[in-house]
Amino acid sequence: MKIPNWFFTLVAILALIGFVDATYLTTEHFLGVVPPCTITEGCEQVTTSPYSVVLGVPVALAGAIFYVGVLALLLWLWDRRDPKLLKLFARYTWLGFLASLYFTSVQAFVLNAWCQYCILSAIASTLIFLLAQYVAWRVPNLQESAAL
Amino acid sequence: MQKGLWAVFILAVILIVAGVVSVAKKGNQGGSSTIYPITIVADDRVKGPADARVTLVEYSDFQCPACATYFPVLNQLAAEYASSTRIVYRHFPLEQHKNARLAAYAAEAAATQGKFFEMHDMLFAEQTKWSELADPAPVFTSYAQTLGLNMEQFAADGASQALKDRVERDVASGKVYAVNATPTFYVNGRKIKNPGSYQEFKALIDEELKW
């Protein structure tokens, strides 16, 4: 079976962006200085809200770990090219997509405030999700059509 | 799979984390070495002696949560350095805080009756009670009553154009001194990184007093 190279490149870039972004937010979280209110970004209401921590784990840290998982699975898939791994990868990306959906809604409907780094991460994990679903759906099809 | 590949992967992850953490830490320093020629004028809101060796200027917003967390810190500094430091409060109400300008007007209206810092203290102490109100004016009026102000004068001053101009003058000066967030502090004209604790703040003032 053949997974296109652009898939690996795109997902790797997106996951790296997401990883750097989430790591940055995690660092800010643990530095713990009260964030000032800025002219352009508001008061970081989002990253200091109760929604920024779930069961004692900062959401940013969970995000960073998620992206490490994406990169690790991607590397494994790149090495093995196993259709089962591709399925696993596609399922794993649901995590990021659902979390993004949830936290974007919290920003829109509960906090009425936006955090630009959170939006960036939501975009990255949604794109990773879409790419993974597309390739996971497409690649077995390609294989079948080749077999015919 | 080759073990080497995973070793490279883990190393890359560690390097990225280390890089991002160090950049984030640097970003947090945010101080500058520029000395701004901030002149303190007669109607500035000042706590402390005019001949103080250290002048701490704060650009602040009554509705800003970070400003409220610095409020007890500054009070403690004012008490401890009463003879050597003067603290100047300047208005910098941000657009995203819908009640911040009205709060600044209330404080200025109290100032005309000599009770600026009394109103300032109440506004910060009770910040969460009025921040999200659709109309905070009755709350501010009740603070003025508590402070025993002349209510007619308070209402008239609060609506006067001169008082609004006074607030905008602070905002304009803040823009000149590169204020881009609240609170922003200047120690003898030098913009500082917001200190993480009372001790850090104290150390900055002690450093100035050495000279």
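Every number in this text was worked out from the coordinates using simple rules, so none of it is lab data. Here the structure is a predicted model, which means the values were calculated and not measured. Glycine also receives a Cβ, built like all others from the backbone with ideal geometry; neighbour counts cover every protein chain displayed.
Express in whole angstrom the spacing between the alpha-carbon centres of the range B:161-203 and the range A:100-117.
30
Given points 7 Å out from each Cα along the Cα-Cβ axis, report the A:Leu98 to B:Glu168 separation in nanometres with one decimal.
The two pseudo-label positions are separated by 5.3 nm.
Using the count of nearby Cβ atoms within 10 Å as a rough guide to exposure, how do B:Ile35, B:Ile16 rank from fewest to most?
Result, fewest neighbours first: B:Ile35, B:Ile16.
Can you list the HN-Hα couplings for the range A:132-137, worked out from phi with the Karplus curve (6.51, -1.76, 1.60; θ = phi - 60°), rounded to whole Hz and with x for Gly and Pro?
5, 5, 4, 5, 5, 7
Could you tell me which GluC sites (Glu not before Pro) in the range B:114-194 are loop residues by DSSP with no more than 12 other beta carbons within 10 angstrom of their beta carbon?
B:Glu132
Quick one: 3J(HN,Hα) in Hz for the range B:141-146, Karplus 6.51/-1.76/1.60 with θ = phi - 60°, rounded, Gly and Pro as x.
So the Karplus estimates, Gly and Pro as x, are 4, 5, 5, 4, 5, 4 Hz.
Roughly how many debye, to the nearest 20, is the charge dipole of the range A:1-118 about its Cα centre, given +1 on each Lys and Arg Cβ, -1 on each Asp and Glu Cβ, and no other charges?
680
Filter the GluC sites (Glu not before Pro) in the range B:75-117 to those in DSSP coil with at most 15 other Cβ atoms within 10 Å of their Cβ, and list the result.
B:Glu95
Using the Cα centre of chain B as the reference point, and only Cβ charges (+1 on K/R, -1 on D/E), how large is the resulting charge dipole? Debye, rounded to the nearest 20.
Here the size comes out at about 900 debye.
Kindly put B:Arg90, B:Arg101, B:Arg45 in sequence by how many other C-beta atoms sit within 10 Å of each C-beta, fewest to most.
Sorted ascending by nearby Cβ count, the order is B:Arg45, B:Arg101, B:Arg90.
Compute the Rg/Rh shape ratio of chain A: radius of gyration over Kirkwood radius, all on alpha-carbon atoms.
1.06
What number does the protein assembly as shown give for Rg over Rh if you use C-alpha atoms and the Kirkwood radius?
1.12
Using amide H atoms built 1.01 Å from N in the peptide plane, name the residues 5+ places from B:Arg45, or on other chains, whose amide H lies under 5 Å from its own.
B:Tyr89
Taking just the alpha carbons, could you work out the radius of gyration and Dmax for the range B:116-193, both in angstroms?
For the range B:116-193, the Cα-based Rg and Dmax read 15.2, 42 Å.
Sort B:Asp170, B:Asp165 so that the residue with the fewest other Cβ atoms within 10 Å of its own Cβ comes first and the one with the most comes last.
B:Asp165, B:Asp170
Looking at chain A as a GNM with Cα springs under 10 Å, which of A:Pro58, A:Pro50, A:Pro83 has the largest mean-square fluctuation?
Result for chain A, Cα springs under 10 Å: A:Pro50 fluctuates most.
What number do you get for chain B when its Cα radius of gyration is normalised by 2.2 N^0.38 Å, N = residues?
Dividing the Cα Rg of chain B by 2.2 N^0.38 Å gives 1.26.
Using only DSSP helix segments of four residues or longer, with each worth -39500 (n - 2.57), what per-residue ellipticity at 222 nm results for chain B after dividing by its residue count and rounding to 500?
Numbers: 9 runs with 115 residues, N = 211.
Rounded to the nearest 500, it is -17000 deg cm²/dmol.
In the Gaussian network model of chain B, springs joining C-alpha atoms below 10 Å, which of B:Ala12, B:Ala66, B:Ala82 carries the largest mean-square fluctuation?
B:Ala12
Measuring from label point to label point, each 7 Å out along Cα→Cβ, what is the A:Trp6 to B:Ile35 span in nm?
6.0
Which one of B:Pro49, B:Pro183, B:Pro37 has the biggest mean-square fluctuation once chain B is modelled by GNM with Cα springs under 10 Å?
B:Pro37
Calculated from DSSP H runs of 4 or more alone, at -39500 (n - 2.57) each and per residue, what is the 222 nm mean residue ellipticity of chain A, nearest 500?
-25000 deg cm²/dmol
Amide H neighbours of A:Val54 under 5 Å, at least 5 residues apart or on other chains, H built in the peptide plane: list them.
Under 5 Å from the amide H of A:Val54 lie the amide H atoms of A:Val59, each far enough along the sequence or on another chain.
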